[in-house]
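Student: To start, I am sharing the structure in question, which I have written as C-alpha cells.
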Amino acid sequence: MLNIKYELTKNPKEKPDFNNLGFGKYYTDHMFVMDYTEGKGWHDAKIVPYGPLSLDPAAMVFHYAQESFEGLKAYRTPNNEIQLFRPEKNAERMINTNKRMCIPEIPVEDFVQACKALVSVEKDWVPNVDGTSLYIRPFVIADEAHLGVRPSLTYKFIVIASPVGAYYSTGINPVKIYVEDEYVRAAPGLTGFTKCGGNYAASLAAQTKGHDLGYEQVLWLDGVERKYVEEVGSMNCFFKIDGTIYTAPTVGTVLPGITRMSCIELLKSWGYTVSEERLAIDDIINAYKNGKLEEVFGTGTAAVISPVGTLRYEDTVCVINDNKIGEVTQKLYDTLTGIQWGKIADTMNWTTKVEA
Ligand SMILES: *Cc1c(COP(=O)(O)O)cnc(C)c1O
C-alpha cells in the first residue's frame, strides 16, 4: 500500500460543460505524483494541485524519449457509483512497457491504488452525461539531468485525468481507413507491444499522409514484408470474413489492447471462432472482392468499438457492409459499453468500484 500524502487545491476550477467535452481538452484539479530514485525505489506518493512540472532541460525524457504511458477510464453508473474497467490489466501492461524501456516497474497494486486515489479526489469530475467518462492517463518520465545515453537514475510516475465526451456525439459513424504501405510502425525486436510515446512520434508522418488523402486512420502492415495487417492508429483491428473473426496476434509488434482482449473473450463466449493467426492484406481484399468481408472494426479504450466503413489499399477502395455498423460490431459495442457504464450485469467481473 502506498502512503499517499494529500495537498488539495484551494482554487478548484470551474467544471466544463459535460455536454461538450471533446477528448483531452480539460484537466481536473489534481494529479498523482510519485518519484523514483536509484537505490531508494519509488517514494513520496502524493496528490497535489494539477499544474506545470519543473524539469531540468537536460532531463533524459526530452532527449532520448525514455517514457511509458497508459490509458483507462472511470465511468459513472446509473446508481451514481464510479467504476474502472480492468485497471490491473493496464498496470500489467505498463510493467511490460517499463521492462522494455528500462524503467523501474510499478507494482500492480500501487498503480491501481494511484488511479483510484486520484479518481476518488476528483469524483465530481466524473461526468454524468450519456457516453462520457473520466479518462485517466498514467505515465512515467525519465527526469534525470544527463545527456549520456543510458537509463535514467530517477523517474516520475504521474497520473492526470481528463473528463471526455461521448466519442460519437452524432451516433456511431464508420471510419475511413488507409492501409499504409510505405511507413511502418513496428518490427520484431522493436517496441510495438509497448505503450510508449516514441511509437506515436514515429506514426505521425503516416497519419498526416492518411489525413491528406481524406482518411481518418491508418492501418499498419507488418514491418518486415508489409504483407500482414497489424493494427490501426491507437486501436486493434478485427475482420469478420465468412463468419470467422480475425485479429492480429500480439507477439511483439502489436499493442495488446485490453478492449481487444475483452472482445475476444466475449466473442468466444458467444460461440464465434476467433483466429489470432496472421492475416494478409491480400486475403482481406480478395474476401472483399468475393463478398465475404462482412465487418471490420477497431477496438480501443477511447472509442471502445469503431466500425470501419471504408478501407483503401493501394488502388482498391472497399466499402464495408454498405458503410453501416455490422451486427457483431454493434453487439460488442452494446455489451462492452453496457458493462463499462454499469448498465448491464458485469458477468465477466471486469469492473472495480472506486470509493467516493
Ligand atoms: C492503447 C492502444 C491500443 C488500444 O488498447 P486498449 O487497451 O484497448 O485501449 C491499441 N493500439 C495502440 C497502438 C495503442 O496505443
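Student: Hey, quick one: spin label on Phe18, modelled 7 Å out along Cα-Cβ, who in segment 68-83 has an amide N within reach, i.e. under 18 Å?
Tutor: Taking a point 7 Å out along Cα→Cβ of Phe18, the residues of segment 68-83 whose backbone N falls under 18 Å are 73-83.
Student: So for the pair Asn3, Lys99, with labels modelled 7 Å out along Cα→Cβ, what separation do we get in nm?
Tutor: A separation of 3.1 nm, rounded to one decimal place.
Student: Taking the Cα centre of segment 41-122 as origin, work out the dipole magnitude from +1 charges on Lys and Arg Cβ and -1 charges on Asp and Glu Cβ, in debye rounded to 20.
Tutor: Dipole of segment 41-122, to the nearest 20 debye: 280 debye.
Student: Could you check the spin-label model distance between Asp346 and Asn128? Points 7 Å from the Cα along Cα→Cβ, value in nm.
Tutor: Going by the 7 Å Cα→Cβ label model, 2.0 nm.
Student: According to a simple spin-label model (label point 7 Å from Cα along Cα-to-Cβ), what is the distance in nm between Arg226 and Leu213?
Tutor: Spacing of the two 7 Å Cα→Cβ label points: 1.1 nm.
Student: Excluding the sites themselves, what is the longest stretch of the chain that contains no GluC sites (Glu not before Pro) in a DSSP loop with at most 12 other C-beta atoms within 10 Å?
Tutor: Longest run free of exposed loop sites: 39-181.
Student: Binning at 5 Å from 0, report for segment 48-115 what percent of all alpha-carbon pair distances ends up in each bin.
Tutor: 3, 14, 18, 17, 20, 16, 6, 4, 2, 1
Student: Relative to the Cα centre, what is the charge dipole magnitude of the chain, using +1 at the beta carbon of each Lys and Arg, -1 at the beta carbon of each Asp and Glu, and rounding to the nearest 20 debye?
Tutor: 480 debye
Student: Take every Cα pair under 8 Å in the chain that's 6+ residues apart, average their separations, divide by the length, and report that relative contact order as a whole percent.
Tutor: Averaging sequence separation for qualifying contacts and normalising by length gives 18 percent for the chain.
Student: Using θ = phi - 60° and the Karplus form 6.51 cos²θ - 1.76 cosθ + 1.60, what ³J(HN,Hα) does each residue of segment 241-255 get, whole Hz, x for Gly and Pro?
Tutor: 10, 6, x, 9, 10, 10, 8, 4, x, 9, 9, x, 9, 10, 5
Student: Across 5 Å bins from 0, what is the distribution of all Cα-Cα pair distances for segment 104-178, in whole percents?
Tutor: 3, 12, 17, 14, 13, 12, 11, 10, 5, 2, 0
Student: Then there's this: Compute the whole-percent fraction of alpha carbon pairs in segment 171-297 spaced more than 19 Å apart.
Tutor: 49 percent
Student: Which of Asp212, Asp315, Asp56 moves most in a GNM of the chain, Cα contacts under 10 Å?
Tutor: Asp315
Student: Mind putting a number on the dipole of segment 1-43 about its Cα centre? Charges go on the C-beta only, +1 for Lys and Arg and -1 for Asp and Glu, and I need it in Debye to the nearest 20.
Tutor: Working: 6 positive and 6 negative charges, 16 e Å.
Dipole of segment 1-43, to the nearest 20 debye: 80 debye.
Student: Taking the alpha carbon gyration tensor of segment 14-83, what are the square roots of 5 times its eigenvalues, largest first, to the nearest whole Å? Mind dumping the intermediate values first?
Tutor: Values: eigenvalues 185, 57, 34 Å².
Equivalent-ellipsoid dimensions as semi-axes: 30, 17, 13 Å.
Student: Which of the trypsin sites (Lys or Arg not before Pro) found in segment 40-109 are in a DSSP loop and have at most 12 neighbouring Cβ atoms, other than their own, within 10 Å?
Tutor: Passing both the DSSP loop test and the Cβ count: Lys40.
Student: OK, next. Which residue fluctuates most in the GNM of the chain (Cα springs below 10 Å): Tyr27, Tyr155, Tyr183?
Tutor: Tyr183
Student: Per q in 0.13, 0.21, 0.30, 0.31 1/Å, what log10 I(q)/I(0) does a Debye calculation on the alpha-carbon atoms of segment 313-356 return?
Tutor: -0.48, -0.76, -1.05, -1.07
Student: So what is the 222 nm mean residue ellipticity for the chain from helices alone, if each DSSP H run of at least 4 adds -39500 (n - 2.57) and you divide by all residues, rounding to the nearest 500 deg cm²/dmol? Walk me through the numbers on the way to the answer.
Tutor: On the way: 7 runs with 84 residues, N = 356.
My calculation for the chain gives -7500 deg cm²/dmol from helical runs alone.
Student: Towards the positive end of the charge dipole of the chain, with charges on Cβ (+1 Lys, Arg; -1 Asp, Glu), say which of Leu53, Leu255, Thr191 has the farthest Cα.
Tutor: Selected residue: Leu53.
Student: Convex hull volume of the Cα atoms in segment 224-356, per residue, in Å³?
Tutor: Measuring per residue, one finds 121 Å³ for the Cα hull of segment 224-356.
Student: Give the accessible surface of the chain per residue, rounded to a whole number of Å², with probe radius 1.4 Å and ligands, DNA and RNA excluded.
Tutor: Result: 45 Å² per residue.
Student: Moving on. Using packing as a proxy for protection, rank 267-273, 158-164 so that the peptide with the highest average count of other Cβ atoms within 10 Å comes first.
Tutor: Ranking the peptides 267-273, 158-164 by packing returns 158-164, 267-273.
Student: Given Cα positions, please report Rg to Rh for the chain, the hydrodynamic radius being the Kirkwood one.
Tutor: Rounded to two decimals, Rg/Rh equals 0.97.
The values are calculated or read from the model by the stated rules, or taken from the named source; none is laboratory data. Since we're looking at a predicted model, the values are computed, not measured. Every residue, glycine as well, gets a Cβ built from its backbone with ideal geometry; the counts of neighbours run over all protein chains shown. The accessibility values were calculated without ligands, DNA or RNA, using every heavy atom of the protein model including side chains. Shrake-Rupley method; radii C 1.70, N 1.55, O 1.52, S 1.80 Å.
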